[in-house]
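Notes for the one structure printed next.
The values are calculated or read from the model by the stated rules, or taken from the named source; none is laboratory data. Keep in mind it's a predicted model, so treat the numbers as computed, not measured. Every residue, glycine as well, gets a Cβ built from its backbone with ideal geometry; the counts of neighbours run over all protein chains shown.
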Amino acid sequence: MKVEERQFLADAYGSAWRAVKKDKTFVEVLDHGWFSINYGNGVPRTKCRAEKLLKGLAVLNSRIERGHVEASV
């Protein structure tokens with residue numbers, strides 16, 4: 001996966017997370033195919049591969065489709 005493609009994935013995951021959870025998150029593209037996710041809610045930073053982001057993106061998008069999003073605070 002090219003660097004630009006990894007950035008697209010990171011941006012898509014972050015947007016979907018914010019749409020569902022109404023919570024801040026930041027996904028950073030790291031070297032050698034790694035990503036870093038900072039959920040911004042006290043959860044320690046998570047390091048993962050693209051597979052985890054793709055799976056998470058599928059889950060978040062299905063929740064958006066079904067309308068299962070958390071209420072705004």
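Odds and ends about this structure:
- Residues that are within 20 Å of VAL69 (Cα to Cα) and surrounded by 15 or more Cβ atoms within 10 Å (Cβ to Cβ) within the stretch 39-54 comprise TYR39, LEU53, listed in sequence order.
- Scanning the stretch 15-34 for residues that are farther than 15 Å from LEU60 by Cβ, among the hydrophobic types (A, V, I, L, M, F, W, C) and part of a strand (DSSP E or B), we see that the one that is modelled with the lowest pLDDT is PHE26.
- Here ARG6 passes the criteria (1) over 11 Å from the mean Cα position of the chain (by Cα); (2) outside any loop (DSSP other than H, G, I, E, B); (3) exposed (fewer than 14 other Cβ atoms within 10 Å of the Cβ) except the one numbered (3).
- Taken over the stretch 7-58, residues that are without any contact (Cβ under 8 Å) to a residue 12 or more places away in the chain, among the polar types (S, T, N, Q) and out of contact with any strand residue (DSSP E or B) (no Cβ under 8 Å at 6 or more places or on another chain) amount to 1.
- Residues in the stretch 35-73 that are more than 15 Å from the chain's Cα centre (by Cα), at positive phi and modelled with pLDDT of 75 or more: GLY67 alone.
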